[in-house]
1. Anything in segment 73-111 that is within 15 Å of the ligand (Cβ to nearest atom) and outside any helix (DSSP H, G or I)? List them, or say none.
2. Hey, among G217, G202, G245, G208, which residue is at pLDDT below 95 and in the same structural domain as D91 (by TED's automatic domain parsing)?
3. Mind checking which residues of segment 225-263 are among the β-branched types (V, I, T), within 20 Å of the chain's Cα centre (by Cα) and under 14 Å from D98 (Cβ atoms)?
4. Among K211, K165, K220, which is the only one that is loosely packed, with under 14 Cβ neighbours inside 10 Å and not acidic (D, E)?
5. Within the bounds of segment 152-163, is there any residue that is touching a His at 6+ places or on another chain (Cβ under 9 Å), over 30 Å from V252 (Cβ atoms), part of a helix (DSSP H, G or I) and away from the ligand (no atom under 16 Å from the Cβ)?
6. Of the conditions (1) touching a Cys at 6+ places or on another chain (Cβ under 6 Å); (2) within 16 Å of the ligand (Cβ to nearest atom), T114 fails just one. Which one is it?
7. Looking only at segment 187-206, decide whether some residue is in contact (Cβ under 8 Å) with a residue 24 or more places away in the chain and more than 29 Å from D125 (Cβ to Cβ).
8. Could you check, for segment 171-182, whether at least one of its residues is surrounded by 14 or more Cβ atoms within 10 Å (Cβ to Cβ), in a loop (DSSP other than H, G, I, E, B) and more than 29 Å from the chain's Cα centre (by Cα)?
Amino acid sequence: MDDKANNNNPGMPLIPPRRGLSPARFLLAIGYLAIVGFTYCYFHSTPPNARNYDILEQVTAPHLNQRPVVVQDTQHELVPLEAHIMSKCPDAKDCLRDLVLPTMQKVLDKVNFTLSFIGTPTEHDDGVACKHGAEECLGNIIELCAQRLYPDPKTYLGFVMCLTKDYTHIPQRSLIEDCALEHAIDFNVLNDCATKDDGAFGQNMLRGSVKRTAAAGVTKSCTVRLNNEIYCVRDNRQWKECPSGPSVNDLVIAIQKLYRQRA
Ligand SMILES: *[C@@H]1O[C@H](CO)[C@@H](O)[C@H](O)[C@H]1NC(C)=O
């Protein structure tokens, strides 16, 4: 039985004569090995950084219907977060201190934050009526000026928190000067903004802000809106209408979830 295969080809020698390895064949073989080896190493070695690796994964695994991580890292839209307040309202103090500021400290880079004001536009003089009077309107204007002049929330939100902690003294000059100094805001620039065009400039900003609040259907200070929807209300020293929870952690999780969805 062992001989059968050999017997089928009686004329063929068992071992073919050794073909000489010519120099040309030798070089071809080396070249082939080099290409295979290089290709293997290129696609299997650790890339210089994680981003290259992500691109490589996309190239070598086109069947994975995922966006490249690189694009997600750089093209996330910011999540809109807004607080609607009145500058002389105690609920604004609780709301900023207990929810908005600690949340912003955790997700500053994921959020487009807007501070808006609650009031009633008056038709006869293109002005605004504020619940706690003209002093509150001026306080609101000063805070809007800070937001406009120092758009980094780390600066203007810190300044607003500083004023709000002492809200009964808004808009006393000494309070505004102290808070401006504490948050690297130039008091004179702030004052110029609040008094520009005999106050018409600030008044128009405040009108725009209270109209924005009214258009959102917001009436209570403080109302926090996330992604243009009411997230939570602080009213009469209590949290209300907070189905997702009033804690910093609840809001941070909600923001992170929205941020991930906005690739
Ligand atoms: C942030 O939100 C405001 C509205 O509050 C909008 O006008 C502005 O374009 C937004 N900016 C970014 C960078 O998304």
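The values are calculated or read from the model by the stated rules, or taken from the named source; none is laboratory data. If you're wondering where the values come from, they're calculated on a predicted model, not measured in any experiment. Positions of Cβ are generated from backbone atoms using ideal geometry, with glycine treated the same way; all protein chains shown enter the neighbour counts.
1. As a first pass, look at segment 73-111 and keep what is within 15 Å of the ligand (Cβ to nearest atom): 74-85, 100, 104, 107-111.
Correct list: H76, E77, L78, V79, P80, L81, E82, A83, H84, I85, V111.
2. Details: G217 fails: at pLDDT below 95; G202 fails: at pLDDT below 95; G208 fails: at pLDDT below 95.
Just a single option satisfies the conditions, and that option is G245.
3. Within segment 225-263, the subset among the β-branched types (V, I, T) is 230, 233, 248, 252-253, 255.
Right, trim to within 20 Å of the chain's Cα centre (by Cα) and you get 230, 248, 252-253, 255.
Within segment 225-263, V248, V252 qualify.
4. Values: K211 fails: loosely packed, with under 14 Cβ neighbours inside 10 Å; K220 fails: loosely packed, with under 14 Cβ neighbours inside 10 Å.
Answer to the check: K165.
5. no
6. Of (1) touching a Cys at 6+ places or on another chain (Cβ under 6 Å); (2) within 16 Å of the ligand (Cβ to nearest atom), only one is false for T114: (1).
7. For segment 187-206, residues in contact (Cβ under 8 Å) with a residue 24 or more places away in the chain and more than 29 Å from D125 (Cβ to Cβ): absent.
8. At the first step, the residues of segment 171-182 found to be surrounded by 14 or more Cβ atoms within 10 Å (Cβ to Cβ) are 171-172, 175-180.
Narrowing the set further to residues that are in a loop (DSSP other than H, G, I, E, B) leaves 171-172.
Filter once more, keeping what is more than 29 Å from the chain's Cα centre (by Cα): 171-172.
Among the residues of segment 171-182, at least one is surrounded by 14 or more Cβ atoms within 10 Å (Cβ to Cβ), in a loop (DSSP other than H, G, I, E, B) and more than 29 Å from the chain's Cα centre (by Cα), which makes the answer yes.
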